[in-house]
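Below is one structure; the comments refer to it alone.
The values are calculated or read from the model by the stated rules, or taken from the named source; none is laboratory data. What you are looking at is a predicted structure, and each value in this text was computed from that prediction instead of being measured. Please note: Cβ atoms are built from the backbone with ideal geometry, for glycine as well, and neighbour counts cover all protein chains shown. Calculation scope for accessible area: heavy atoms of the full protein, side chains included, ligands and nucleic acids excluded. Shrake-Rupley method; radii C 1.70, N 1.55, O 1.52, S 1.80 Å.
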Amino acid sequence: MVVDYSKWDKIELSDDSDVEVHPNVDKKSFIRWKQQSIHEERMKRTQDIKNLETQMDMYTNLNKRVDKLLSTFTESDGNLGQLTDLPNVEKYLNENFDKNEKSTGENVDPDIATYNEMVVDLFEQLKRDAVKEKKDPSDAKVIKELILQHRNKIDKVTVEAKTKLKELYHEKELHISSEDIHTGFDSGFMNPKVNAVNTDKDTKKINDAMESINLKASTQPKGELPKSLKIDAPLQFIEYTDEKDMLKLAPGTEAFGTKIPYDNYKMSQEFLLKNMQIISGQQKDALMMKSFEYQMEDKNSPMTYQIIHQSEILSYIREIYDMKKIPFLRVQEMEEVINMFFGKIIFNPANSKGKESFLESVKTKYEHVKNRSEIIKQEQTEESEEGEVEGVETIQLKSLDDSAELEVVLPDFNSEDKDEVKKCEAFNKIPKDMQEALKTQNLDEVNKVFETIQIDEAERILELFNEADIIGVRAVLENEDDFNNIKQDYQQQLQHEGNEGERPTVIEEEEILDTADIVD
């Protein structure tokens, strides 16, 4: 036999001995006062819960009647004007709802008006409000606008009531009393000799004990509301607002667009009734853009027409729903719009023009997607023919001066001179394919290797070029007189220096410069 002890999980047991009071205050009296306070708070909490539950039930019944009126008397059906005819409104309510149904409860006045009478009173009040706002009370559009404003206020109050009710449920869960004890052992033994008169005394003892237990329970940290008492959030339209997600499809939308055959309208209707949150402007546009992807991949793909057709269904239904000027998803309203679309446009044999107009709209968008996809493909082809797509940035060596040429200068691999040895070490750090190109001493071959190297690696190789003095500059003189003048100036400079040691070899036709000055 399993005993359920979970009801005690949040109770902190305590006897009266650990209740501290001032020495001048009688301890027993303080405990009685505290128990009385707990009892009063529990009674008030219970009444508040009952009042809120009654209030929410009343709002639900009133909203049901108002929503039914708004869905029946619409501008599209040509009977919107009947909303201003109060006798007609009352007649409609009595024909479709129980005219005697009204709110009930401990704190509800037995003589309270019925729900139908409350709705009629609301319409009368809205007419008076229209006069105060200097609007025409006989204009059905004005009355409908005021009804929707009133409806939004009720929705806000309902949300606040649900929040408060959730808090009260939680408080009630933390402070249990004997009336909350409902489970026990599956079997038991009753002593027939026990006097039944003692039952009331035992019950009083239990209540007193539970109130004593609750002395500290009011400071118990708040926990999560039991799942059975949680109030589910209302359905909302799926709208991806982030710029990066503007074309994102919800799984339900993609299934509706690609999995349900476009000519199976019954299946589409049933799917939307169960997934009406996908009927949003963003999801409709994202589904439409999906058709471009299929058309770009295969111009003969049947999926293009399939997706456009389903996207147009979402578009039609959303446009009809937006005429109601309801900024959020109201399930009952959307359900009626979905059924009206399929019933009056798709399945209505007496109105074949409605379906023909819908299919013509699908065809027009299908032709647009096909033509636009061809234009996009043609533009991409032209861009490809104009030149290669921009690739990896590379480095190429060339002279910035028309009077000079670049040349490859290899280090002396057999020299023991420290500078040459250092240059050889730098040369050996250069990648093998670049070393082979340098050994040809052909600058075109060097540039070919640079074309295959990314910019970061190429810059590292250029540093090694500079360290090994790989690249030199050969001056190109226009005539022999210029060369003789340079040679004479150089020899005169050496004579003035008066060097006694070995003179450096005169470089008559070329000069080695820093690589950093010649790289483009």
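Using the Cβ-Cβ distance between Asp98 and Asp155 with R0 set to 25 Å, the FRET efficiency from 1/(1 + (r/R0)^6) comes to roughly 0.55. Rounded to the nearest 0.05, the FRET efficiency derived from the C-beta distance between Lys398 and Ser301 at R0 = 51 Å is 0.50.
Applying the criteria of a DSSP loop state and at most 12 other Cβ atoms within 10 Å to the trypsin sites (Lys or Arg not before Pro) of the stretch 280-359 yields Lys299, Lys325.
Accessible surface ranking for His368, His170, His150, 1.4 angstrom probe, highest first: His368, His150, His170. Here the simple spin-label model places points 7 Å from the Cα toward Cβ, and for Lys439 and Asp417 these points are separated by 2.3 nm. Hey, what did the stretch 27-178 get for relative contact order, percent, Cα under 8 Å, at least 6 apart? That works out to 27 percent.
Applying a DSSP loop filter and a limit of 12 other Cβ atoms within 10 Å to the chymotrypsin sites (Phe, Trp or Tyr not before Pro) in the stretch 325-385 leaves Phe328.
Given a Förster radius of 30 Å and the C-beta distance between Lys132 and Asn51 as r, what FRET efficiency does 1/(1 + (r/R0)^6) yield to the nearest 0.05? Once rounded, the FRET efficiency stands at 0.45.
Of the GluC sites (Glu not before Pro) found in the stretch 67-173, the ones in coil according to DSSP and having at most 15 other Cβ atoms within 10 Å of their Cβ are Glu75, Glu101, Glu106, Glu133.
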